[in-house]
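Okay, so here's the structure we're looking at.
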Amino acid sequence: MKLILILLSPLIWVTGFCAESPLELVKDGVPSATIVLSEKPTAGAQLAAYELQHVIRLMTGAELPMVRNESQIRGIPLYVGESPGTVRRNLKCSDFGPEEYTVRFFPDAIVMMGSDDPEYGKVNYNNPQTYPRLEQNLHASLYAVYDFLEQFCDVRFYLPGDLGIAFTPGKTLAIRNYRDIRRKPFMSAMRNVNFCDPDIPGFRDKPRDLALLKHRWRMATNYGMANHNTMSLFYRYWGPANPKHKALANLFIEKRPEYFAQGYDGKYSGFMPWAYPGDPDIPSQVCSTNPDVIRILAGQAVNAYRGGENPGSTYPHYRRISGMPFTYPMLFEDNNFYCKCKRCEASLADKPQAERKAWRYFNFVNAIAGEAAKSEPGAGIGAGVYSIPYVERIPLHKNLSIQMMLGIHAWYLPGVQKHHQEFYQAWKKKAGNRPVTLWTYMLAPCWDARRFYKYNQFFPGFYPEATVRIFRRFTEEGVNGWFCETFLEFNFLEIFLASKLCDNPQFNAEKELEEFFSRYFGNAAKPMRQYYKEVEDTFWNPENYPAELRNRQMGMLVLGAHTDRVNWALGTPERLAKLDALFREAGKLAANDVERARLNLFENRIHRQMMEGRKKFEQRESVRSVPVPKLVVPMLSKAGDKIDSSR
């Protein structure tokens, strides 16, 4: 064998051997390799071993034995995580940086391992509660196994469950053209997604399958997150929470109304209804200038930095990862009802009205960051520009990270894209060398149809080609992390491509997009590619939207653009007829049960609701076109007059 050494980037070293012969893991349905764990494996290594065993069984029908005693090895040992076999080969977890991992090929073994937290609880493969956390938890041995499966076994993870795993089945699995890998994900701060519930009866993914998909997509949150995180003060200082939530109710210390937004007594805002149902005086924010509030929240950041927990906070287990920055998430709660006390009002008195929201927020997080730094100079605060205007003269504490919230699902609108790009570039420049992360909304048009306007069934929005362009630019500009809210059922392909680029900017997303259709839909690939292309060319074309909407600035979330008339102007009868014909053609071409099952899933989640939605839209339009009945009533000249019914 010939040794090769290739430097791809500062994040990826590839060293390996040009194989003279393939490494057979399964031969004619019989295992010829053994998965090897240590006597006390990390949680990350345990889950990695289960995933390796499960996927190879799907591919070949053979179950590789899994052992913890090297005397039981039969065939090629596949070492997962640190064990005596890896230590003998000079590979230990402590040798890796945060999230770093390797896939190493030896003449007599394969090693898949990386930086894992020393957590050794038993992993139950059927119980996601036992899996490694995605937040502030290192489990890079799992990444090593996924890289091995994708790069050397040609596996792809597109959707939850076994149906979402694409591979070439066969009774023999042989590894060819293998090479060593040592790398870590590109966006170190975070790569994570919140899957919103689209409420599709009968087609809801299982929590276990969703949890595994996030791991398969290398999802993690390490630092740089900004989120609403002041509720712990309510539990401690507003009043005892609803007894149904005993752990929260037990947090109460004493009543301190001065810690909360003033000016809202008796004006029930509906805030925190699970904890304080019907409380007419419940404030909707903390007082952002109260010194005790600043001290308490800074104390939470310091406590998390030191490894403590903060019960009642949005992130009770948030902690520092050695070798990475630390920023404790902090946003106001999700409303605009801020404190009106004299101190808060005086702090903004000399600021222009248009800038006050920005000044209020950054005065708040700067103060928390400054207070936290007194105890722990490395304890930072995760700030977020959540619908906050850019103000050049606002100072930023050196210990802040900056997360920008962007509704990229509407970047087909020139006015929105221009506004967002200017906002993004300005804040990114202002952040300087502070970590910069993104919170993207990829919700449209499902959110508008099902949550906003309630017309429920809609013409879908696919934009995988646009997603590749957008995220390639984010990686080129050095963004440190990405979080997303989306409806997985409709935009899984976009999220798959985005997550791969955030993990590795050298990922050939354009090629992968084209290969998706043959990998996933098999013989039905050609019409399904045309289907996606037709939808994206329609949805992402600004000329298909009203001129007023194209040039409108709609804030940063951009929710509400798709009224039913805007949406169904895209889904014309002619276009739906074309899409339906393509889908029917795909159905005829499907050659096996897996291809038919994937088309059935697509039909039940996307295609059928679209076809039915057009009919219901036309019914609504028919009703709306009927003139409103009118009744003329004579005006009475004075009280007590009677209407003359003869007139």
Hey, could you check region 81-123 for residues that are surrounded by 14 or more Cβ atoms within 10 Å (Cβ to Cβ) and polar (S, T, N, Q) and say which is nearest to L149 (Cα to Cα)?
T102
Options N126, N137; residue that is at pLDDT 95 or above, open to solvent by 20 Å² or more (accessible area, probe 1.4 Å) and in a loop (DSSP other than H, G, I, E, B):
N126
Among the residues of region 329-359 satisfying the criterion of being of a type in the set (K, R) and over 28 Å from the mean Cα position of the chain (by Cα), which is most open to solvent (accessible area, probe 1.4 Å)?
K342
Give all pairs with beta carbons closer than 7 Å in which a residue from region 343-364 that is more than 14 Å from A261 (Cβ to Cβ) and assigned to a loop (DSSP other than H, G, I, E, B) meets a residue that is among the polar types (S, T, N, Q) and open to solvent by 20 Å² or more (accessible area, probe 1.4 Å); count only pairs at least 6 apart in sequence or on separate chains.
none
Of a type outside the set (A, V, I, L, M) and more than 14 Å from V36 (Cα to Cα): is that true of E119 in this structure?
yes
If the Cβ limit is 8 Å and pairs must be 6+ apart or interchain, which residue in region 538-557 that is at pLDDT 95 or above pairs with which residue that is of a type in the set (S, T, Y)?
F539/Y412; F539/Y463; W540/Y412; W540/Y463; N541/Y412; P542/Y412; N544/T538; Y545/Y412
Exactly one condition in (1) at pLDDT below 95; (2) buried (at least 17 other Cβ atoms within 10 Å of the Cβ); (3) over 30 Å from the mean Cα position of the chain (by Cα) is not met by S284; state its number.
(3)
Within region 483-501, does at least one residue satisfy the condition of being over 28 Å from R450 (Cα atoms), open to solvent by less than 10 Å² (accessible area, probe 1.4 Å) and not aromatic (F, W, Y)?
yes
Quick count over region 429-450, residues being closer than 18 Å to I408 by Cβ and either modelled with pLDDT of 95 or more or part of a helix (DSSP H, G or I) (or both), is 12
Has region 264-279 got at least one residue that is open to solvent by 30 Å² or more (accessible area, probe 1.4 Å), of a type in the set (A, V, I, L, M) and either in a strand (DSSP E or B) or under 14 Å from S232 (Cα atoms) (or both)?
no
I'd like to verify a number: residues in region 202-231 that are in contact (Cβ under 8 Å) with a residue 24 or more places away in the chain, of a type in the set (K, R) and not in a helix (DSSP H, G or I), how many?
2
Is one or more of the residues making up region 81-94 among the acidic types (D, E), in contact with an Asp or Glu (Cβ under 8 Å, 6 or more places away or on another chain) and without any contact (Cβ under 8 Å) to a residue 60 or more places away in the chain?
yes
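From the residues in region 576-592 that are under 19 Å from E618 (Cβ atoms) and of a type in the set (A, V, I, L, M), which one is most open to solvent (accessible area, probe 1.4 Å)?
A577
Could you tell me whether S387 is modelled with pLDDT under 95 and either among the polar types (S, T, N, Q) or under 29 Å from Q506 (Cβ atoms) (or both)? Break it down into steps so the answer makes sense when it comes.
On the way: modelled with pLDDT under 95: yes; either among the polar types (S, T, N, Q) or under 29 Å from Q506 (Cβ atoms) (or both): yes.
So S387 fits the description; yes.
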Filter result (in a loop (DSSP other than H, G, I, E, B) and under 16 Å from A304 (Cα atoms)) within region 365-418:
E376, P377, G378, A379, N399
Based on what the data block shows, is Y390 among the hydroxyl-bearing types (S, T, Y) and without any contact (Cβ under 8 Å) to a residue 24 or more places away in the chain?
no
Which residues, taken from region 140-176, are in contact with a helix residue (DSSP H, G or I) (Cβ under 6 Å, 6 or more places away or on another chain) and closer than 16 Å to I76 by Cβ?
V145, L149, L173, I175
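Name the residue that is least open to solvent (accessible area, probe 1.4 Å), counting only residues in region 232-251 that are in contact with a Lys or Arg (Cβ under 8 Å, 6 or more places away or on another chain) and in a loop (DSSP other than H, G, I, E, B).
That would be G239.
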Taking the options D537, D564, name whichever one is closer than 16 Å to G461 by Cβ, open to solvent by 50 Å² or more (accessible area, probe 1.4 Å) and either among the charged types (D, E, K, R) or touching a Pro at 6+ places or on another chain (Cβ under 9 Å) (or both).
D537
Residues that are assigned to a loop (DSSP other than H, G, I, E, B) and among the charged types (D, E, K, R), drawn from region 280-299:
D281
Report the residue count in region 405-454 for those that are farther than 17 Å from W482 by Cβ and buried (at least 20 other Cβ atoms within 10 Å of the Cβ).
11
How many residues are crowded, with 17+ Cβ neighbours inside 10 Å and either farther than 20 Å from N592 by Cα or acidic (D, E) (or both) if we restrict to region 161-173?
1
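Step by step: first the residues of region 502-525, then only those that are open to solvent by 20 Å² or more (accessible area, probe 1.4 Å) and free of Cβ contacts under 8 Å to residues at least 12 places away in the same chain, then the one that is farthest from A591 (Cα to Cα). Which residue is that?
Out of the qualifying residues, it is F507.
The values are calculated or read from the model by the stated rules, or taken from the named source; none is laboratory data. What you see is a predicted model, and the numbers here were worked out from it, not measured in a lab. Backbone-built Cβ (ideal geometry, glycine too); neighbour counts: all protein chains shown. Calculation scope for accessible area: heavy atoms of the full protein, side chains included, ligands and nucleic acids excluded. Shrake-Rupley method; radii C 1.70, N 1.55, O 1.52, S 1.80 Å.
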